[in-house]
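What follows is one structure encoded as structure tokens, with my remarks underneath.
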Amino acid sequence: STCTPAPVILTMIESVVLPFKKDEPLEPLPPHFKPLISTKTFGHEAGFSSTFRQWRAHSHCNMLHGYALGFKFTFAAVETDACGWVVDFGGLKPLKQILEDTFDHKMLVAQDDPMLELVKQMHASKLADVVVVPATGCEAFARMVFDVTSQWLVDAGFAPRVWLVSVE
């Protein structure tokens, strides 16, 4: 097997912040209902150069290796804001900063990696800028970014009008 990351599309319907409250009775959406969709990509050129390993892999992927990561977000809304946008891309700068703080020139290590203490020593000695994450790999990063972004939309005031559909 190889470690070349395939495009990961993670759609988590159960985590979607919908434009209604959980306690309210849910009226079925009309069959013609289609939310407005908007996508924003922070591509490989954004500089999210990360190192990580898949410590459980039975291949060379269990060794440290790096990628230039990119992220594509799909947002949805029932209606636009006053400017006619699903999401004001200028308002996504804090989200991009979260991505930079987590992935840009970082060594990501899974919290259950048996070498975690050694990697933490690398961080303490300033040999690497280490970020401990729940799990490593493109799928794990997509899930992590999906969860963080969904909460960020709430905190930044975009939700409940806007919700996150997917992260690739």
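Every residue in segment 54-98 that is of a type in the set (D, E, K, R), part of a helix (DSSP H, G or I) and touching a residue at least 24 places away in the same chain (Cβ under 8 Å), please. Reasoning before the result, please.
Residues of segment 54-98 of a type in the set (D, E, K, R): 56, 72, 79, 81, 88, 93, 96.
Checking which are part of a helix (DSSP H, G or I) leaves us with 93, 96.
Matches in segment 54-98: Lys96 only.
Residues in segment 39-51 that are more than 16 Å from the chain's Cα centre (by Cα) and part of a strand (DSSP E or B): 1 in all.
For segment 64-86, taking the residues that are open to solvent by less than 40 Å² (accessible area, probe 1.4 Å) and of a type in the set (Val, Ile, Thr), the one that is nearest to the chain's Cα centre (by Cα) is identified as Thr74.
Considering only segment 110-132, state which residues are open to solvent by less than 80 Å² (accessible area, probe 1.4 Å) and in contact with a Phe, Trp or Tyr (Cβ under 7 Å, 6 or more places away or on another chain). Within segment 110-132, Ala110, Asp113 qualify.
Per the conditions (1) at pLDDT 90 or above; (2) under 30 Å from Met122 (Cα atoms), the sole criterion not satisfied by Lys72 is (2). It is to be established whether one or more residues within segment 135-148 are within 17 Å of Trp55 (Cα to Cα), open to solvent by 30 Å² or more (accessible area, probe 1.4 Å), under 15 Å from the mean Cα position of the chain (by Cα) and modelled with pLDDT of 95 or more. There is at least one residue in segment 135-148 that is within 17 Å of Trp55 (Cα to Cα), open to solvent by 30 Å² or more (accessible area, probe 1.4 Å), under 15 Å from the mean Cα position of the chain (by Cα) and modelled with pLDDT of 95 or more.
Among Phe89, Phe52, which is the only one that is buried (at least 18 other Cβ atoms within 10 Å of the Cβ) and either within 15 Å of Thr39 (Cα to Cα) or at pLDDT 95 or above (or both)? If you could, list the steps in order and put the result at the bottom.
Numbers: Phe89 fails: buried (at least 18 other Cβ atoms within 10 Å of the Cβ).
Checking each option against the conditions leaves just Phe52.
The values are calculated or read from the model by the stated rules, or taken from the named source; none is laboratory data. Just so it is clear, the model here is predicted, and its values are computed rather than measured. As a convention, Cβ positions derive from the backbone with ideal geometry for all residues, glycine included, and neighbour counts pool all protein chains shown. Accessible surface areas use protein heavy atoms only, side chains included; no ligands, DNA or RNA. Shrake-Rupley method; radii C 1.70, N 1.55, O 1.52, S 1.80 Å.
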